[in-house]
Amino acid sequence: MATYSTNEFRSGLKVMLDGDPANMMENEFVKPGKGQAFSRVKLKNLKTGKTIERTFKSGDSLEAADVHELEMQYLFSDGEEWHFMDPETFEQVVATREAVGDSSQWLKEQDMCHITLFNGNPIQVLPPNHVELKVVETDPGLRGDTATGGTKPATLETGAVVKVPLFIEEGEVLRCDTRTGEYLSRVKT
Amino acid sequence: MLIRRARLKRLLRAELDARDWLEIDAPALIDSGDFEPNIALFRVSLPDGTPTGALHSSPELMIKRLLCAYPDLPGTYYLGPVFRAGEAGARHNPEFTMLEWYETGADLEAAIATTLALIDSARHLAGLPAVPARHCDYGALFRERLDLDPYHADAIALGRAAAEHGIDVVAAQDMRRDDWLDLLMSVVIEPSFPTDALTVLTGYPASQAAMARLADTRFEGRPVRVAERFEVYGGGLELANGYHELTDAAEQAQRLGDQSREAADATQRRFLNALAHGLPDCSGVALGVDRLLMWLSGESDIDAVLPFSSRRV
């Protein structure tokens with residue numbers, strides 16, 4: 001695998017750090033005029049999501065990580081594994097619970113997801129930013145309460161629970177933001 | 001910004017010309033570099049790939065050679081581009097504008113006074129009020145901020161202090177004492193300087209200035225050798241560096257050690273020969289014009305003060 005020297009460091013670089021793939025988020029070049037140069041780097045461990053700060057002496061290097069990001073279609077899950085397909089090559093990959101994490105509650109069959117592959121295996125699965133999902137369970141709204149702006153929980157077909165206005169009923173399709181977990185609007189069906 | 005930049009350069013020239021100093025056209029294309037261990041040069045080659053020289057990282061050796069030949073010059077300066085390979089970031093551009101001057105007969109105090117007077121004029125030009133200059137001692141700052149004696153602490157103690165400040169260095173075993181000092185200075189001490197003041201720093205360890213005179217002094221009762229070197233910071237931004245220049249050719253050769261023995265390159269050899277002929281007592285100061293413009297304009301990225309930074313060339 002290739003290596004990156006400090007003078008190639010830039011944000012977006014995928015590197016190996018302590019045995020895990022990491023994404024370089026920031027690289028600050030520090031050098032007193034007459035002194036030694038350093039790269040102060042902020043990295044995100046792509047497996048754990050943890051942010052790490054490291055300082056490298058100029059000339060040091062990091063091994064490149066075989067990391068690819070691509071859009072793949074979610075096919076199905078058996079509860080243990082999640083299956084995705086590249087719609088262009090029809091190549092399929094299988095993600096573990098660890099890789100899918102909290103994203104599982106937003107995954108609807110056929111939706112395009114953002115997959116991070118490390119050595120060919122998914123390590124992170126992100127649902128689309130906006131999804132349209134059916135309400136499968138919510139308390140009946142109480143008439144007259146809409147003016148107060150109150151909310152109630154609603155369970156969606158994929159398992160996510162979002163706060164919705166009181167007028168929302170079971171069977172309706174909602175547009176939600178998966179990054180914030182918030183209800184955005186009703187979708188006319 | 002283009003106007004501010006042009007006016008600042010005009011002002012700096014006018015201030016030094018008014019002292020009857022001479023602007024020197026130091027060659028940018030040189031045979032080899034200076035003796036700075038931490039500055040990498042851009043190497044230049046002929047169209048067929050034969051190496052032919054380098055781009056200068058400072059006009060120091062050339063100007064000093066002229067001073068050896070013309071010791072009666074009261075002052076000389078160079079205002080123009082210098083090049084440092086691999087130095088790119090929010091505060092660094094590989095090509096930058098340097099004002100470097102040599103003032104004959106000036107000791108360190110005089111050199112600091114000249115530097116502060118120039119910065120004062122630049123602030124005035126920019127419509128800014130004069131600001132106070134805090135004078136700080138290298139040793140005292142390390143004691144105050146890190147509870148360390150920077151002249152005696154070993155690499156292990158310095159590394160421990162860095163770790164305590166959350167600085168996680170990769171391949172820490174390769175870090176020499178001076179590397180740790182540079183890192184702690186850049187990451188812990190400089191950011192603590194007050195934003196709207198100038199900080200004049202003196203008392204650098206002898207190891208941190210290869211071409212400055214050395215002086216014997218005491219730190220917390222213990223004798224230490226310090227370099228006759230100063231730095232001026234605008235806020236936490238390094239603006240200028242100055243030396244009371246070493247004129248003793250034998251001492252210079254000895255301090256450069258291996259570097260001078262291996263100085264097979266013409267530029268370095270000619271410099272050492274000139275020094276043996278006699279350099280007049282002088283101080284030399286290098287001021288980063290882009291940095292000064294950054295500080296005067298409140299810009300945090302050097303890109304904002306350059307017509308075309310290397311990212312946009």
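A few points about this structure:
- Enumeration of residues in the range B:64-82 that are part of a strand (DSSP E or B) and away from every other protein chain (no Cβ under 14 Å): B:GLY75, B:THR76, B:TYR77, B:TYR78, B:LEU79, B:GLY80, B:PRO81
- Residue list for the range A:1-36, filter: crowded, with 20+ Cβ neighbours inside 10 Å, more than 9 Å from chain B (Cβ to nearest Cβ) and under 21 Å from B:ASN38 (Cβ atoms): A:PHE9
- The residues of the range A:33-65 that are under 18 Å from A:THR96 (Cβ atoms) and of a type outside the set (Lys, Arg), listed by number, are A:ASN45, A:LEU46, A:THR48, A:GLY49.
- Residues being within 9 Å of another protein chain (Cβ to nearest Cβ) and aliphatic (A, V, I, L, M) - total across the range A:42-82: 2
- Of all residues in the range B:105-124 being in a helix (DSSP H, G or I) and not hydrophobic (A, V, I, L, M, F, W, C), the one that is nearest to B:ALA209 (Cα to Cα): B:GLU109
- Applying the criterion of being in a loop (DSSP other than H, G, I, E, B) and within 15 Å of the chain's Cα centre (by Cα) to the residues of the range B:83-92, the residue that is surrounded by the most Cβ atoms within 10 Å (Cβ to Cβ) is B:ARG84.
- Yes/no for B:ALA266 being over 18 Å from B:MET1 (Cβ atoms), in contact with a helix residue (DSSP H, G or I) (Cβ under 7 Å, 6 or more places away or on another chain) and among the small types (Gly, Ala, Ser): no
- Hey, B:LEU61 outside any loop (DSSP other than H, G, I, E, B), under 19 Å from the mean Cα position of the chain (by Cα) and surrounded by 20 or more Cβ atoms within 10 Å (Cβ to Cβ) or not: yes
- Tally, over the range B:142-198, of residues that are within 11 Å of chain A (Cβ to nearest Cβ), crowded, with 20+ Cβ neighbours inside 10 Å and assigned to a loop (DSSP other than H, G, I, E, B): 2
- The residue that is surrounded by the most Cβ atoms within 10 Å (Cβ to Cβ), among those in the range B:118-133 that are more than 13 Å from B:GLY234 (Cβ to Cβ) and free of Cβ contacts under 8 Å to residues at least 24 places away in the same chain, is B:HIS124.
- The set of residues in the range B:207-231 being under 19 Å from B:THR115 (Cβ atoms), part of a strand (DSSP E or B), touching a residue at least 24 places away in the same chain (Cβ under 8 Å) and hydrophobic (A, V, I, L, M, F, W, C) consists of B:ALA212, B:VAL226, B:PHE230.
- Pick from the range B:235-248, criterion surrounded by fewer than 24 Cβ atoms within 10 Å (Cβ to Cβ) and small (Gly, Ala, Ser), ranking: farthest from the other protein chains (Cβ to nearest Cβ): B:GLY235
- Flag for A:SER39 being surrounded by 16 or more Cβ atoms within 10 Å (Cβ to Cβ), in contact (Cβ under 8 Å) with a residue 12 or more places away in the chain, among the hydroxyl-bearing types (Ser, Thr, Tyr) and within 30 Å of B:VAL169 (Cα to Cα): yes
- Residues that are under 15 Å from the mean Cα position of the chain (by Cα) and either small (Gly, Ala, Ser) or in the same structural domain as B:ASP281 (by TED's automatic domain parsing) (or both) were ranked within the range B:207-227; the one that is surrounded by the fewest Cβ atoms within 10 Å (Cβ to Cβ) is B:SER207.
- As a summary of the residue check, B:SER310 satisfies the conditions (1) surrounded by 21 or more Cβ atoms within 10 Å (Cβ to Cβ); (2) assigned by TED's automatic domain parsing to the domain that holds B:GLY86 except for the one numbered (1).
Residue-wise test of (1) aliphatic (A, V, I, L, M); (2) touching an Asp or Glu at 6+ places or on another chain (Cβ under 7 Å).
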residue	(1), (2)
A:ALA2	yes, no
A:SER11	no, yes
A:LYS34	no, yes
A:SER58	no, no
A:LEU62	yes, no
A:HIS68	no, no
A:THR96	no, yes
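The values are calculated or read from the model by the stated rules, or taken from the named source; none is laboratory data. Quantities reported herein were computed from a predicted structural model and do not represent experimental measurements. Positions of Cβ are backbone-derived with ideal geometry, glycine not excepted, and every protein chain shown enters the neighbour counts.
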